[in-house]
Amino acid sequence: MRRDIFQAIADPTRRAILGLLALQAMTPNAIAEHFDSTRQAVSKHIQILVECEVVKQQQTGREIYYHFNPNKMKEIDLWLDRFRKLWEGRFDQLDNLLENL
C-alpha cells in the first residue's frame, strides 16, 4: 500500500515527530526520548513518515539520521490553496457586506 502525505499528518505523534525533525536531523533514539511510547512504536511512526516521503533517512557510520523533507509538504499546501481561495472570497464578500451596513 502506498501511503500519502495526509496519512503522515493524520496522527498527532507523527505531527510531533515532524515538528522535531523540522528543527534538526535526529536519530531514532533521540526522537523516541521525546515520547512516552515505546521505541518500537516511535519507529513505526517514523517508518510511515519515510513511506510518505516526508522524512528521509541518511546513514552516517552506525547511526541513522532522519531529516524533514519540506518539499513533500507542498502537496498539502496545494490542496489547501483551493480552500484558501474560497475562504478569501467569502471573507471579501463579508467585508463588502459589513461596509455597506
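The values are calculated or read from the model by the stated rules, or taken from the named source; none is laboratory data. Predicted model, so just to flag it, every value in this text is computed and none were measured. Cβ coordinates were reconstructed from backbone atoms using ideal geometry, including for glycine residues, and neighbour counts include every protein chain displayed. Keep in mind that these areas ignore ligands, DNA and RNA; they rest on the heavy atoms of the full protein, side chains included. Shrake-Rupley method; radii C 1.70, N 1.55, O 1.52, S 1.80 Å.
Over the chain, calculate the relative contact order: mean separation of alpha carbon pairs under 8 Å at least 6 apart, over the residue count, as a percent. If you can, show how the numbers build up before the last one.
Values: 91 pairs, mean separation 28.4, N = 101.
About 28 percent, as a whole number.
Summary: within the chain, the longest segment free of trypsin sites (Lys or Arg not before Pro) located in DSSP loops with at most 16 other C-beta atoms within 10 Å is 4-61. The GluC sites (Glu not before Pro) found in the chain that occupy coil by DSSP, while having at most 14 further C-beta atoms within 10 Å, are Glu33.
Per residue, the range 27-101 exposes an accessible area of 77 Å² to a 1.4 Å probe, with every protein chain left in place. Using the rule -39500 (n - 2.57) for each DSSP H run of four or more residues, divided by the residues of the chain, the 222 nm mean residue ellipticity is -19000 deg cm²/dmol. Karplus-derived 3J(HN,Hα) values for the range 5-15, using 6.51 cos²θ - 1.76 cosθ + 1.60 with θ = phi - 60°, are 4, 5, 5, 5, 8, 5, 9, x, 5, 5, 5 Hz; glycine and proline are entered as x. Note that the range 35-41 has calculated 3J(HN,Hα) couplings of 10, 7, 7, 5, 4, 5, 5 Hz, one per residue in order, obtained from phi through the Karplus relation 6.51 cos²θ - 1.76 cosθ + 1.60 (θ = phi - 60°); glycine and proline are x.
Amide H contacts under 5 Å for Met26: Tyr66, restricted to partners 5 or more places along the chain or on a different chain, H placed in the peptide plane at 1.01 Å from N. Remark on Asn69: its backbone amide H falls under 5 Å from those of Val55, Lys56, a criterion applied only to residues 5 or more positions apart or on other chains, H modelled at 1.01 Å from N.
For the range 74-82, backbone phi angles converted through the Karplus equation (6.51, -1.76, 1.60; θ = phi - 60°) give residue-by-residue couplings of 4, 4, 5, 4, 5, 5, 6, 4, 4 Hz, Gly and Pro being listed as x.
Of the accessible area of the range 32-95, computed with a 1.4 Å probe over protein heavy atoms only, carbon and sulfur atoms account for 52 percent. Listed options for Rg and Dmax of the Cα atoms in Å are (i) 15.6, 50; (ii) 12.4, 43; (iii) 18.7, 68. The value calculated from this structure is the one marked (iii).
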